[in-house]
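Here the structure is laid out as structure tokens; the discussion comes afterwards.
The values are calculated or read from the model by the stated rules, or taken from the named source; none is laboratory data. Here the structure is a predicted model, which is why all the values come from computation and not from measurement. Here the Cβ positions follow ideal geometry from the backbone for every residue, glycine too, while neighbour counts run over all protein chains shown.
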Amino acid sequence: MNSLPVYYDFASTTPVDPRVLEAMLPYFSELFGNPSSNHVYGRLANDAIEKARKSVADLINADTREIYFTSGATESINWALKGYLEANAPAGGHIITVKTEHKAVLNTCEYLETKGYNVTYLNVDKNGLISLEDLEHQITDQTKMVVVMYVNNEIGVIQSIPSIGGICSKHKVPFFCDATQAVGKIPVDVLRDQIDLLAMSAHKFYGPKGIGALYAKRGIKLAPLLHGGNQEAGLRSGTYNTPLIVGMGTAAEIAIDEIENRMIRAQEKRLELAEYFEKNKYGKLNFTDVHTSPFILSFTLLDEDAESFLIRMKDLFVASSGSACSSSIMAESHVKLALGLKNDVFRISIT
């Protein structure tokens with residue numbers, strides 16, 4: 001078997017950390033009890049889930065009671081938007097979001113428009129940042145939620161999250177943040193940033209696929225996502241997937257211990273890659289004048305389009321020309337369109 005190319009697509013998914021896998025394995029076999037069962041097998045599984053919940057809460061400086069396990073960020077995003085609005089504004093209202101959000105947000109907002117909600121899609125500047133003045137100007141007495149992502153998954157630009165949280169708090173409008181590319185990679189503090197709802201996914205920080213969480217600040221009312229056996233405080237019923245939850249909790253524990261070293265290592269790799277691309281006259285690094293995640297690099301190529309370049313380099317490394325969640329749809333990136341970027345821009349994401 002030929003050796004695989006170097007993997008530079010960690011924004012789409014990361015491998016499961018061996019320590020995470022080791023922690024998960026017993027819950028597939030000897031510790032297989034249903035956490036809702038009132039016997040020793042159930043209690044052991046339930047204790048493991050609550051330990052994981054605390055680890056996830058600690059990762060973002062939240063209270064354990066504010067963490068709800070889901071199947072991933074897409075579910076968390078859908079639940080945050082639909083669940084909050086159904087519980088707090090069933091007659092309709094105004095939502096503010098951004099043109100460069102993940103499709104899970106944009107498509108959900110488009111759905112909500114069919115249900116009578118009015119959505120404002122904020123523009124971004126050449127660096128992918130919203131105008132804080134524009135955001136505040138757009139808030140009205142009918143605004144029910146502001147939705148802004150922490151780190152853009154295609155270009156790595158970090159929004160001014162504490163300032164956005166402050167504006168929302170000032171106007172008493174809930175702030176929902178898709179932090180899928182931030183949690184476990186850079187420090188996230190929901191209290192400091194005044195975030196009311198937050199989505200995350202374990203497989204972005206070395207946990208397993210198929211498990212994520214929604215943070216909902218205490219006092220935030222949500223409509224139940226799933227009805228049934230009263231799990232997750234009656235808001236998301238269904239038998240707990242104990243192994244995956246344990247995996248997410250372990251990944252969170254490791255991230256708490258290693259996040260600073262990860263950022264340092266990523267920054268070193270970032271500089272090496274930028275120098276390599278410029279030295280070989282492939283292209284130049286974008287967004288160098290703004291705050292970006294050290295794990296995501298956006299490059300503009302000099303002489304060819306991104307798809308042709310990635311095909312030509314496929315035996316050396318793999319990277320992405322857009323969001324992995326949309327790659328099966330042959331359409332130009334909505335992020336590139338919003339920023340006025342051409343098809344000669346692509347993403348490298350590292351670890």
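For Asp58, are the conditions met, namely being in a helix (DSSP H, G or I), out of contact with any helix residue (DSSP H, G or I) (no Cβ under 9 Å at 6 or more places or on another chain) and not aromatic (Phe, Trp, Tyr)? Can you show your working first?
Values: in a helix (DSSP H, G or I): yes; out of contact with any helix residue (DSSP H, G or I) (no Cβ under 9 Å at 6 or more places or on another chain): no; not aromatic (Phe, Trp, Tyr): yes.
When the stated conditions are applied, Asp58 does not pass them.
Being in a loop (DSSP other than H, G, I, E, B) and over 20 Å from the mean Cα position of the chain (by Cα) is true for just one of Lys284, Lys314. Which residue is that?
Details: Lys284 fails: in a loop (DSSP other than H, G, I, E, B).
Just one listed residue meets the conditions, Lys314.
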Query raised in the report: Looking only at region 89-122, which residues are more than 25 Å from Ile155 (Cβ to Cβ) and either small (Gly, Ala, Ser) or not assigned by TED's automatic domain parsing to the domain that holds Tyr150 (or both)?
Result: Ala89, Ala91, Gly92, Gly93, Gly116
Query - Neighbours by Cβ (under 6 Å, 6+ apart or cross-chain): first from region 64-82, assigned by TED's automatic domain parsing to the domain that holds Lys209; second hydrophobic (A, V, I, L, M, F, W, C) and assigned to a helix (DSSP H, G or I) - result: Thr64/Ala57; Ile67/Val56; Ile67/Ala57; Phe69/Ile245; Thr74/Ala104; Ile77/Ala104; Ile77/Val105
Report task. Of the conditions (1) among the small types (Gly, Ala, Ser); (2) at pLDDT 90 or above; (3) more than 30 Å from Ser160 (Cα to Cα), Ser349 clears all except one; give me its number. Result -> (3)
Query raised in the report: Going through region 230-270 one residue at a time, which ones are within 30 Å of Lys144 (Cα to Cα) and not hydroxyl-bearing (Ser, Thr, Tyr)?
Result: Asn230, Gln231, Glu232, Ala233, Gly234, Leu235, Arg236, Gly238
Report summary line: Checked region 171-181 for anything farther than 18 Å from Asn127 by Cα and in contact (Cβ under 8 Å) with a residue 24 or more places away in the chain; matches are His171, Val173, Pro174, Phe175, Phe176, Cys177, Asp178, Ala179, Thr180
Requested in this report: Just name the residue that is farthest from Pro187 (Cα to Cα) out of those in region 213-265 that are crowded, with 20+ Cβ neighbours inside 10 Å and among the small types (Gly, Ala, Ser).
Outcome: Gly247
Query raised in the report: Given (1) surrounded by 14 or more Cβ atoms within 10 Å (Cβ to Cβ); (2) within 15 Å of Ser349 (Cα to Cα); (3) at pLDDT 90 or above, where does Leu271 come up short, assuming only one miss?
Result: (1)
Query raised in the report: Out of all the residues in region 201-211, is one or more at pLDDT 95 or above and surrounded by fewer than 19 Cβ atoms within 10 Å (Cβ to Cβ)?
Result: yes
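Condition check: among the β-branched types (Val, Ile, Thr), assigned by TED's automatic domain parsing to the domain that holds Gly165 and surrounded by 23 or more Cβ atoms within 10 Å (Cβ to Cβ). Does Val56 satisfy that?
Numbers: among the β-branched types (Val, Ile, Thr): yes; assigned by TED's automatic domain parsing to the domain that holds Gly165: yes; surrounded by 23 or more Cβ atoms within 10 Å (Cβ to Cβ): yes.
Yes; evaluated as a whole, the condition is true for this residue.
Name every residue in region 227-281 that is part of a helix (DSSP H, G or I) and among the basic types (Lys, Arg), in order of residue number. Talk me through it step by step, then tell me what you get.
So in region 227-281, the residues part of a helix (DSSP H, G or I) come out as 232-234, 242-279.
Passing the criteria: Arg262, Arg265, Lys269, Arg270, Lys279.
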Query - Failed condition for Ile67, given (1) farther than 26 Å from Ala233 by Cβ; (2) touching a strand residue (DSSP E or B) at 6+ places or on another chain (Cβ under 6 Å) - result: (1)
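Let me confirm something: among Leu21, Leu31, Leu4, Leu85, which residue is modelled with pLDDT under 95, surrounded by 14 or more Cβ atoms within 10 Å (Cβ to Cβ) and more than 20 Å from the chain's Cα centre (by Cα)? Give the steps one after another, and end with the answer.
Working: Leu21 fails: modelled with pLDDT under 95; Leu4 fails: surrounded by 14 or more Cβ atoms within 10 Å (Cβ to Cβ); Leu85 fails: modelled with pLDDT under 95.
Answer to the check: Leu31.
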